[in-house]
Structures are given as structure tokens and as C-alpha cells.
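Each remark here refers to the structure printed beneath this line.
The values are calculated or read from the model by the stated rules, or taken from the named source; none is laboratory data. This is a predicted model, so every value here is computed, not measured. Positions of Cβ are backbone-derived with ideal geometry, glycine not excepted, and every protein chain shown enters the neighbour counts.
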Amino acid sequence: MNGLLTDLYELTMAAGYFQAGKAAEVATFEFAIRRLPPNRNYVLAAGLPEAVDYLLNLSFTAEEIDYLRGLAQFARAPREFFDYLRDFRFTGDLFAVPEGTPLFAGEPLLTVRAPIIEAQLPETYLLSAVSFQTLVASKAARVVAAAEGRSVIEFGTRRAHTPEAGVLGARAAYLGGCAATSNALAGFRFSIPVAGTAGHSWVMSFACEDGAFRKLQSALGENAVQLLDTYDVAQAARRVAALGRPLWGVRIDSGDFLECSRQVRAILDEAGLQEARIMVSGDLDEYRIRELLAAGAPIDAFGVGTQISVSADAPSLSGVYKMVEMEIGGIKRYTAKYSDDKSTIPGAKQIFRDVARDVVARSGECGRGEALLRPVILGGRLVEPLPALEQARERARESVARLSPALRQLETTDPWPVIYSRELRALMEQTRANLMGTAPAS
């Protein structure tokens, strides 16, 4: 993992911590969700394997260190700091909510406890990697819910912000409930089912549609998905029907999906192809899918790209990575931020979830229900292998199913109750009194 894949101020703070003699001080940082994105009643935690991979492999090459030496911001950094970077490894702890867990505003998703430089440097990467997959998984869950049991295929790599974002987005979408992805590398890397049809260029490369359909059927057999909207949807459907089996089904990528799907269903059924499926794709989101199904559209599968791969209606997560406590010589000091609209809560925490509410408590407290934050890395070593993607996907499915119907609907509703324990509230009051009372006069 490239040590320079971060914001410059993480590195200048690291140099400052080192020069100030603070490198051995232990800090605890939390990645918490400040606010839910618009039109979301929850988010699905995702991206933990990338966070773990980063922490376990973070290091600096000689070339990267030489680059830093040459920057004006490090002109006063001691030589020993660069020696420190040469041998840098993460030796701390990571606690995290399992992937596929629904989370709400005000809850921590990750906790990092390590010597302060080791805890500070991961901020940028963790916020980026985890936020992105969490957003995509959350969007996918909404689209899948709107499809009411029909398959949703993730088609978004060509609209993703980078090719690698397309791969990780496909992973997150599958975690969120999509049945398959069009991304072949995601299929290879993560064992996700892959699915695809043919593009309009396939049809246009032949002198007539009949030839295009016949050759695709010959090449793919029962996996053939014929694309109908290059010229005329109804006419294309008749040509496909005349070919008969083998055939998975057809795809419509433009036009009036309600009317076209009705026409195509009638043509296929009349030809005795009742088992042939109809997929639609093109500018779909959860609201359009809900609208089509409510109108009775005979659609069996949906291909959804842009809306999932970039979480188009909510492309950013209000996640923050903030220091909550320090330990110096065995003595803890609690930290918090009190600026308007951006205040934080001191102390390492745990989330307890029962059937009626979540309780955010101090780490070490006992509580009712499931404790969500669990040890992942201790002393720089992975505690145990992370759950497989299929397990995270199943956790997401089961966890979302346990949410109330109101929280599962597409429109926002009254939030799930998230309260603070008595001990945490007491710590908040005491920390504020300590910090505000001892602040030097300006």
C-alpha cells in the first residue's frame, strides 16, 4: 500500500507529532457517520477488506521518502523522521462493524487505536475506501428492494469514476443484493456471478437482425440474451421468437419500457416461449423500477448502471474520522470537538443493537442486544480471516429484512432510535467541562 496515497496534512502532522516527541502516545480515532445521505433511512457498512488490507500493508518506499524530503513542508523535519517512515508498519488495533450491517446517524463504523502517527495516517484512505463501498451497497439495497424479488444486474463500470471503482463498486453492489455484475474482473476477483448480453454494435455489425440473432444464439445457446431495441422492438421480438430455443431471454435498453415489455411478452408467449425472460436497462433507478412494477410491467430483470455505481442521488457520505481519546503513560485523556454543527463525542465506543433501538455506549460497558463493533486487528495482526463476501451479503439481506417496513421504504421516515448510554453522556459532560474550562484565554 502506497504511503503517499493520502492528504499532505496527514504527513505533515506525522512529522510534527514526531518532532514534538509524541510518536509513542497512543490515540484512538473513530470513523463515524455524522448524517445519513439524503433519501436514506440507513446505510449498509461495506469496504472493510480494503481497510484491513491497507492497514496491514501500509509502508513507504525509498523513492516516496526521498520525495517527501524534497518538499518545502518537510524542510525542518528531523532526519530521524524519515528513518521512522522507512520502517513504518501499523502495529495498532482496528475494531469494526461487520460488513452488511445497517447503520444510522451518529454511529461509529470503525475504531482505530494505535501510536498517534499510525492512527493519523490512515484517515484519508479509510474515509475514501469505506465511504465509497458503503454508499454503493446502500444504493444497491434500495434498488433491489424496489425490484421486489426480480434480479438486478449491476451494469455500472463504464459510468464508475475509475475502472477500479467499477470493480469495487460491483463488489459493494453484490453485497447490497444485486444478483450479478457485468464486470468480469469483479467476477474473477470476488467470485461474483457475472452476466451480460450483447451491445447494439453486435446487431449493427450484421446486414440484418435475423443474422445477428441467429449467430448470437449459436454462440451462447441458453445464455443468449437478445437485444431488441436497435431498430424496432416488436419486429425484433418476432424475429427472436421465430428462432425459438435455446434462449435466456431478451433485453430492452430504450423506449417505453411498460408498453414495450407488454408487447414483447405477448409475442414470446404466443410463440410458446413463456420461460423466456425480459430484462430492461437504461437510466433506471429504484423509483422508476417501482413505478414500472406498480403499473404491471411484465419485466423479469433489471440492468442498473450509473445510479448504483456512483450512488447518483447521494454520491457522498458524511463520514468523519476524529480523535476521541489519547493515552499517555497509561493515563487516558478524552478529546472532542465543539464547533457548530461539527461537534464530536469523546471516548472509544460500542454500539448495542436490540429489537427496539441502538445504544451507543462507552467501550467496555455492558449492554443489551448485539455488540456491533468487533476486533479485527490487534497489535498489527489480523485476529481471524474476514467473513467471505457471501457471508457479508447474507448478513446484509437478513439485517435489512429485520428493519421495520418504514425504514425499508424508499421515502425517508422517522429515524431508528439511536441513544447514548448514561455513562457516555456523563463522559460527554465531564469532557466538555474539562476542555472548555481549561482553555487558555484568547
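Do the conditions hold for F88, that is, is it under 30 Å from A20 (Cβ atoms), touching a Leu at 6+ places or on another chain (Cβ under 6 Å) and surrounded by fewer than 24 Cβ atoms within 10 Å (Cβ to Cβ)? First the steps, then the outcome.
Values: under 30 Å from A20 (Cβ atoms): yes; touching a Leu at 6+ places or on another chain (Cβ under 6 Å): no; surrounded by fewer than 24 Cβ atoms within 10 Å (Cβ to Cβ): yes.
It is false that F88 is under 30 Å from A20 (Cβ atoms), touching a Leu at 6+ places or on another chain (Cβ under 6 Å) and surrounded by fewer than 24 Cβ atoms within 10 Å (Cβ to Cβ).
In the set R353, R393, R333, R397, which member is more than 23 Å from the chain's Cα centre (by Cα) and not aromatic (F, W, Y)? Show your work before the answer.
Numbers: R353 fails: more than 23 Å from the chain's Cα centre (by Cα); R393 fails: more than 23 Å from the chain's Cα centre (by Cα); R397 fails: more than 23 Å from the chain's Cα centre (by Cα).
Testing whether each residue is more than 23 Å from the chain's Cα centre (by Cα) and not aromatic (F, W, Y) leaves just R333.
Any residue at all in the range 222-229 that's touching a Cys at 6+ places or on another chain (Cβ under 6 Å) and more than 25 Å from E390 (Cα to Cα)? Write out each step before concluding.
Residues of the range 222-229 that are touching a Cys at 6+ places or on another chain (Cβ under 6 Å), as a first pass: none.
No, the range 222-229 has no match at all.
Do we find that P385 is outside the structural domain of G169 (by TED's automatic domain parsing), more than 19 Å from L44 (Cβ to Cβ) and either among the β-branched types (V, I, T) or touching a strand residue (DSSP E or B) at 6+ places or on another chain (Cβ under 7 Å) (or both) in this structure?
On the way: outside the structural domain of G169 (by TED's automatic domain parsing): yes; more than 19 Å from L44 (Cβ to Cβ): yes; either among the β-branched types (V, I, T) or touching a strand residue (DSSP E or B) at 6+ places or on another chain (Cβ under 7 Å) (or both): no.
No: the conditions fail for P385.
Condition first: surrounded by fewer than 24 Cβ atoms within 10 Å (Cβ to Cβ) and over 23 Å from V320 (Cβ atoms). Now tell me which residues in the range 128-145 satisfy that.
A145 - this is the single residue of the range 128-145 that is surrounded by fewer than 24 Cβ atoms within 10 Å (Cβ to Cβ) and over 23 Å from V320 (Cβ atoms).
Considering only residues that are in a strand (DSSP E or B) and touching a Ser or Thr at 6+ places or on another chain (Cβ under 7 Å), look in the range 30-75 and name the one that is surrounded by the fewest Cβ atoms within 10 Å (Cβ to Cβ). Working first, answer last.
Applying the first criterion (in a strand (DSSP E or B)) to the range 30-75 yields 30-35, 43-44, 59.
Retained after the next criterion (residues that are touching a Ser or Thr at 6+ places or on another chain (Cβ under 7 Å)): 30, 33-35, 43-44.
Details: E30: 24, I33: 22, R34: 15, R35: 13, V43: 26, L44: 29.
This residue is R35.
Considering each of L56, L110 in turn, give the residue that is touching a Gly at 6+ places or on another chain (Cβ under 8 Å) and among the aliphatic types (A, V, I, L, M). Spell out how you get there, then give the answer.
Numbers: L110 fails: touching a Gly at 6+ places or on another chain (Cβ under 8 Å).
Only one candidate passes the filter, namely L56.
So if I check each of P346, P315, which one is closer than 14 Å to A27 by Cβ, part of a loop (DSSP other than H, G, I, E, B) and not hydrophobic (A, V, I, L, M, F, W, C)? Explain how you work it out, then say what you get.
Values: P315 fails: closer than 14 Å to A27 by Cβ.
Result: P346 is the single residue among P346, P315 that is closer than 14 Å to A27 by Cβ, part of a loop (DSSP other than H, G, I, E, B) and not hydrophobic (A, V, I, L, M, F, W, C).
Kindly provide the set of residues from the range 318-342 that are among the acidic types (D, E) and buried (at least 17 other Cβ atoms within 10 Å of the Cβ), ordered by number. Full working, then the answer.
Filtering the range 318-342 for residues among the acidic types (D, E) gives 325, 327, 340-341.
E325 - this is the single residue of the range 318-342 that is among the acidic types (D, E) and buried (at least 17 other Cβ atoms within 10 Å of the Cβ).
For the range 383-442, enumerate the residues that are closer than 23 Å to E148 by Cβ, out of contact with any Lys or Arg (no Cβ under 8 Å at 6 or more places or on another chain), part of a helix (DSSP H, G or I) and not small (G, A, S).
Across the range 383-442, the qualifying residues are E390, R393, E394, R395, R397, E398, R402, P405, L407, R408.
Restricting to the range 229-248, what's the tally of residues that are of a type in the set (A, V, I, L, M), under 12 Å from V264 (Cβ atoms) and more than 41 Å from the chain's Cα centre (by Cα)? Step through it out loud before you land on a result.
Filtering the range 229-248 for residues of a type in the set (A, V, I, L, M) gives 233-234, 236-237, 240-243, 247.
This time we only want the ones that are under 12 Å from V264 (Cβ atoms), so: 233-234, 236-237, 240-241.
With more than 41 Å from the chain's Cα centre (by Cα) added as a condition, the list becomes none.
So the count comes out to 0.
Being farther than 30 Å from T12 by Cβ, crowded, with 24+ Cβ neighbours inside 10 Å and acidic (D, E) narrows it down to one residue among E148, E154; which is it? Steps first, please.
On the way: E148 fails: crowded, with 24+ Cβ neighbours inside 10 Å.
None of the others qualify; the one that does is E154.
Within the set of pairs 6+ apart or on separate chains, which have a first residue in the range 211-235 that is within 27 Å of L258 (Cβ to Cβ), a second that is of a type in the set (F, W, Y) and in a helix (DSSP H, G or I), and C-beta atoms under 7 Å apart?
Once the first residue is within 27 Å of L258 (Cβ to Cβ) and sits in the range 211-235, its partners that are of a type in the set (F, W, Y) and in a helix (DSSP H, G or I) give A212/W202; L216/W202; Q226/F213.
How many of the residues making up the range 76-106 are of a type in the set (S, T, Y) and in a loop (DSSP other than H, G, I, E, B)? Quick ask: steps written out before the conclusion?
Step one: of the range 76-106, the residues of a type in the set (S, T, Y) are 84, 91, 101.
Filter once more, so that each one left must be in a loop (DSSP other than H, G, I, E, B): 91, 101.
Total satisfying the criteria: 2.
Taking A165 as meeting all but one of (1) surrounded by fewer than 24 Cβ atoms within 10 Å (Cβ to Cβ); (2) among the hydrophobic types (A, V, I, L, M, F, W, C); (3) without any contact (Cβ under 8 Å) to a residue 40 or more places away in the chain, write down the number of the exception.
All conditions pass for A165, except number (3).
Inside the range 389-405, can you point out the residues that are of a type outside the set (S, T, N, Q) and surrounded by 13 or more Cβ atoms within 10 Å (Cβ to Cβ)?
Matches in the range 389-405: L389, E390, A392, R393, E394, R395, A396, R397, V400, L403.
Restricting attention to the range 10-29, which residues are assigned to a helix (DSSP H, G or I) and in contact (Cβ under 8 Å) with a residue 24 or more places away in the chain?
The first filter runs over the range 10-29 and keeps only residues assigned to a helix (DSSP H, G or I), leaving 10-19.
Scanning the range 10-29 gives E10, L11, T12, M13, A14, A15, Y17, F18, Q19.
What's the total number of residues in the range 191-210 that are surrounded by fewer than 20 Cβ atoms within 10 Å (Cβ to Cβ) and either farther than 20 Å from G282 by Cα or of a type in the set (D, E) (or both)?
Qualifying residue count for the region: 7.
How do the pairs read when you match residues in the range 374-400 that are farther than 16 Å from A96 by Cβ and touching a residue at least 12 places away in the same chain (Cβ under 8 Å) with residues anywhere that are of a type in the set (K, R) and surrounded by 13 or more Cβ atoms within 10 Å (Cβ to Cβ), using Cβ under 8 Å and keeping only pairs 6 or more apart or on different chains?
Filtered contacts from the range 374-400: V400/R408.
Return a yes/no flag: does the range 135-146 have any residue that is in a loop (DSSP other than H, G, I, E, B) and either touching a helix residue (DSSP H, G or I) at 6+ places or on another chain (Cβ under 6 Å) or at negative phi (or both). Show your work before the answer.
Taking the range 135-146 as the starting set, the residues that turn out to be in a loop (DSSP other than H, G, I, E, B) are none.
Taking every residue of the range 135-146 in turn, none turns out to be in a loop (DSSP other than H, G, I, E, B) and either touching a helix residue (DSSP H, G or I) at 6+ places or on another chain (Cβ under 6 Å) or at negative phi (or both).
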